[in-house]
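S.K.: To start, I am sharing the structure in question, which I have written as structure tokens.
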Amino acid sequence: MQNPINYSIKSEPLLWVIHDPSAVYEGDIISSIRKGITRRQFMAFVKEVKQSVSALAEVIPASYSSLTKKDRYDKATSERMVELAEVFAQGSEVFGDVTKFNSWLESTSQPLGGVTPFSLLDTSIGISLVKDELGNIDHGIIA
């Protein structure tokens, strides 16, 4: 995806991961995670991926209340946000846009055990399974 907005990795780490993942220096992402993703950065991500805060609260280790009230999130929450940004970057690339990817996320997937891919995004192992399945779809491997 092209970077359509003028922002930097330091000001918008989640959007940077989505729009230009190949240009992301992992040290910058680690620094952003340790410092904590801000609520403003998270809300920009929510808008970009066309998900609701309540939906994302199901897969992020923070309550809806914390996501809407805290100014800066802890390391575990920030790390999950970055992991989700990576999934949305890959999914948007594979499906051509975030709307089609969101539709896939909510569809039952037999290769993923008959559950929706979105339901697996609450754990790192689930995220890995979803990314692997996206790789299979991208390479034309249908189970």
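S.K.: With the structure loaded, tell me whether Thr68 is over 14 Å from Ile18 (Cβ atoms), touching an Asp or Glu at 6+ places or on another chain (Cβ under 8 Å) and surrounded by fewer than 20 Cβ atoms within 10 Å (Cβ to Cβ) or whether it fails that test.
M.R.: So Thr68 does not fit the description; no.
S.K.: What single numbered condition from (1) within 27 Å of Ser31 (Cα to Cα); (2) at pLDDT 95 or above; (3) of a type in the set (Val, Ile, Thr) fails to hold for Val82?
M.R.: In the conditions (1) within 27 Å of Ser31 (Cα to Cα); (2) at pLDDT 95 or above; (3) of a type in the set (Val, Ile, Thr), Val82 misses (2) alone.
S.K.: Can you work out which of the residues in segment 11-55 that are among the acidic types (Asp, Glu) and at pLDDT below 75 is nearest to Lys75 (Cα to Cα)?
M.R.: Selected residue: Glu12.
S.K.: Further question on the same structure: Regarding segment 112-119, can at least one residue be identified that is surrounded by 13 or more Cβ atoms within 10 Å (Cβ to Cβ) and within 14 Å of Val49 (Cα to Cα)?
M.R.: yes
S.K.: Cβ contacts < 9 Å: first residue more than 9 Å from Val59 (Cβ to Cβ), restricted to segment 114-128; second residue part of a strand (DSSP E or B) and among the hydroxyl-bearing types (Ser, Thr, Tyr), any location; separation 6+ or different chain. Result?
M.R.: Val115/Ser109; Thr116/Ser109; Pro117/Ser109
The values are calculated or read from the model by the stated rules, or taken from the named source; none is laboratory data. Bear in mind the structure is a predicted one, so any value in this text is a computation, not a measurement. Cβ coordinates were reconstructed from backbone atoms using ideal geometry, including for glycine residues, and neighbour counts include every protein chain displayed.
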